[in-house]
Amino acid sequence: MDPRSDQLDIHFQPIISLKQTAVVGLEALARPKHMGVGQLFAQARKEGRLLALDRRCRTLAMERYRDLNLPRSLRPFLFLNFESSLIDEGVEGSGALLEATLATGLEPSDIVIELNETKVQNTVTLKRFVERHRELGFLIAIDDMGTGHSNLPRIAELRPHIIKIDRSLIAGVESDFFKQETMKSLVLLGKTIGTLVVAEGVETQAELDTCAALGAEFFQGYHFARAKPSADLHLAVLQPALMEAACRQRAKAVATIQARHKESFDLITLALAGCERLRHSAASAFDSGLANWVSSNTAIEAAYLLDGDGLQISNTHLGRGLRPSGNRLFTPATRGTDHANKEYFFSLIDTGLHQYITDTYISLATGQPCRTLAMRLEHASGTSFVLCIDQRLSDDNLVEGSRQTG
């Protein structure tokens, strides 16, 4: 097996930013001329030539990238795959990557090194490799996040500039609530450690729109472009599709904000009506008043009344058609339950707000996702109470809530 350039070609796949409406990166992909890429690398490993092949692929990719007919100021970053398993074999510290970069007339700041951290056993060496190349000016990306094997604490420790979420998590994400929540968590991790997120393998408009709504910054996949040799790489032809996708995302974001605002307004209006109903009721009639009110409003999952110290002074009244789950973990709170340390209570009382709406969480009354609105109720007697309403969420509410809280 000979890793000469005449046995290899390099294709580039664009990486897209909708916010910038631009191609921000090009991933270089080795394309052997006479066999599959997996077969080529497996053969090289077997023959003890993996390091030579890996370096030749990177050098050829840098040469092809250098020769692109683009001004340097407009040239996307070059995403270079690095055979991460070689880090365990003592290549760290060789300086070969920097040498090849400078030899081809490029700067470290042009290049994003893509690593699959799960292929590296020696964490200390991996961290040293990442820190060394970050100091030299290279950008670091961790590939294949979401495959089920990535070590999240290790990601937080490495603090890469970019994480690439694997196609296995992107496929069908628009209709899979658990994939959405997983992606939202990875986006949140990225925000926490200062890392941008690439949704990799985006093939449909629905996948693109969902990933964008969940917070991904960049996108890569067949929906925009397949990998092509540099001679066939015409980035300008992507611009209309980028503009259309960016405008669609903006419209969807505005619609989501408006819908969430209306939803909150409707919930507050509902709570105000509940407070008005109870304002002149005797304390002994609170339960009957709540029961009648809840049964006439399909948006309510549960409602209950607290005193000024957070103690529940009514029963929990479940919405129409709802029954206790029968699971001891998820049981409606009873009269006398202390809610003083619940977010919806102390966020209302300790801040002086008139009402407070939580993000989505799992209701201990039903075991289902809900949001709680807590509102001050100034009773005619002069006593202050807190009316709590758990809002019943549809599947659409759950998707939009996931996007909003991300």
So for region 239-292, what are the equivalent ellipsoid semi-axes in whole Å, largest first, each being the square root of 5 times an eigenvalue of the Cα gyration tensor? 46, 8, 4
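How big is the charge dipole of region 42-194 about its Cα centre, in debye rounded to the nearest 20, if each Lys and Arg gets +1 on its Cβ and each Asp and Glu gets -1 on its Cβ?
So the dipole magnitude of region 42-194 works out to roughly 120 debye.
Please tell me the relative contact order of region 13-69 in percent, rounded to the nearest whole number, where contacts are Cα pairs under 8 Å and at least six residues apart.
Once normalised by length, the contact order is 22 percent.
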Can you tell me, using C-alpha contacts under 8 Å and at least 6 residues apart, the relative contact order of region 137-239 as a whole percent? 23 percent
Counting each DSSP H run of 4 or more residues in the chain as -39500 (n - 2.57), what helix-only mean residue ellipticity at 222 nm follows after dividing by all residues, to the nearest 500 deg cm²/dmol? -12000 deg cm²/dmol
Given the convex hull of the Cα atoms of region 322-371, what is a quarter of its surface area in nm²? 4.2 nm²
In debye, nearest 20: dipole of the chain around its Cα centre with unit charges on the Cβ of K, R (+) and D, E (-)? 260 debye
Computed about the Cα centre, the charge dipole of region 219-272 from +1 Lys/Arg and -1 Asp/Glu charges at the Cβ has a magnitude in debye, to the nearest 20, of 60 debye
DSSP bridge pairs, the chain: antiparallel proportion in percent, nearest 5: 65 percent
In angstroms, what radius of gyration and Dmax does region 261-394 have, counting Cα atoms only? 13.5, 39
What does the convex hull of the alpha-carbon atoms of region 125-249 project to on average, in nm²? 8.8 nm²
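Counting only protein heavy atoms and using a 1.4 Å probe, what share of the accessible area of region 220-264 belongs to carbon plus sulfur, as a whole percent? Each step should come with its number before you reach the end.
On the way: 1760 of 2830 Å².
Using a 1.4 Å probe with all protein chains present, region 220-264 comes out at 62 percent carbon and sulfur.
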If the convex hull is drawn through the Cα atoms of region 346-397, its volume per residue in Å³: 96 Å³
Option label - semi-axes √(5λ) of the Cα gyration tensor in Å computed here, alternatives (1) 56, 22, 17; (2) 39, 21, 20; (3) 29, 25, 20: (1)
Given a 10 angstrom Cα cut-off, can you work out which residue in 43, 205, 13 is the most mobile in a GNM of the chain? 43
In a shell of Cβ-Cβ distance under 15 Å around residue 228, excluding residue 228 itself, what net charge do Lys and Arg (+1) and Asp and Glu (-1) give? -1
Interatomic Cα distance distribution for region 98-149, bins of 10 angstrom, percent: 23, 47, 26, 5
Can you give me the accessible area per residue for the chain, using a 1.4 Å probe, in Å²? 47 Å²
The chain, relative contact order [Cα under 8 Å, separation at least 6], %: 12 percent
In region 1-133, what percentage of the DSSP-assigned beta bridges are antiparallel, given to the nearest 5? 55 percent
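Evaluate region 8-147: find the radius of gyration of its Cα atoms, find its Kirkwood radius, and give the ratio Rg to Rh. List each step's numbers first, then the result.
Values: Rg = 15.0 Å, Rh = 15.8 Å.
Ratio value, two decimals: 0.95.
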Cα lying deepest toward the dipole's positive end in the chain, options 377, 42, 291, charges on Cβ: 42
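The values are calculated or read from the model by the stated rules, or taken from the named source; none is laboratory data. The model shown is predicted, which means the values in this text are computed figures rather than measured ones. Positions of Cβ are backbone-derived with ideal geometry, glycine not excepted, and every protein chain shown enters the neighbour counts. Please note that ligands, DNA and RNA were not included when accessible areas were found on the heavy atoms of the full protein model with its side chains. Shrake-Rupley method; radii C 1.70, N 1.55, O 1.52, S 1.80 Å.
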